[in-house]
Amino acid sequence: IEPRVFFGYGFGQALLPYFRLQGPFFHPDAKKIADTELFQTVLDRGLLENGIFFITVLGFGVCNLAAYVIDKFLIDPVNRISQTKLRPTNEKKNPDEGPNPLLTC
């Protein structure tokens, strides 16, 4: 992907041509539109607005990184040690059991 399309997608709104870059709704003109018209809207917003948006995205990135670290280095080792995965409360141990009493009224 072109750098202008990448930054336009990252800093722009969820506009239809971005969803037509690939996949079942691919359109051959989507890349040209994203590279020119949609990237220009990001530039027209100005440095301050894009900077505020970047700080917001950076904050969400830190939250996602923290969730990944917790999952990878805390949850996975506990599951490996115990050799059991946590099951939802509606999952039965034995399929011949009746309905789960925790979920019935």
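The values are calculated or read from the model by the stated rules, or taken from the named source; none is laboratory data. The structure presented is a predicted model; accordingly, all values stated were derived computationally and were not measured. For the accessible areas, the whole protein counts, side chains as well, though only heavy atoms, and no ligand, DNA or RNA atoms are used. Shrake-Rupley method; radii C 1.70, N 1.55, O 1.52, S 1.80 Å.
Structure summary
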{"read-out": "Calculated from backbone phi, Karplus (6.51, -1.76, 1.60) coupling profile of the stretch 9-18 in Hz, x at Gly/Pro", "value": "5, x, 9, x, 7, 7, 8, 4, x, 5"}
{"read-out": "Length released on extending from residue 65 to residue 43, taking residue separation times 0.36 nm less the Cα-Cα span", "value": "5.1 nm"}
{"read-out": "For the stretch 41-55, Karplus couplings with θ = phi - 60° (6.51, -1.76, 1.60), whole Hz, Gly/Pro x", "value": "5, 5, 5, 5, 5, x, 5, 5, 5, 5, x, 5, 5, 4, 5"}
{"read-out": "Å² per residue, accessible surface of the stretch 1-53 at 1.4 Å", "value": "75"}
{"read-out": "Contour minus Cα-Cα distance for residue 27 and residue 73 (0.36 nm per residue)", "value": "12.4 nm"}
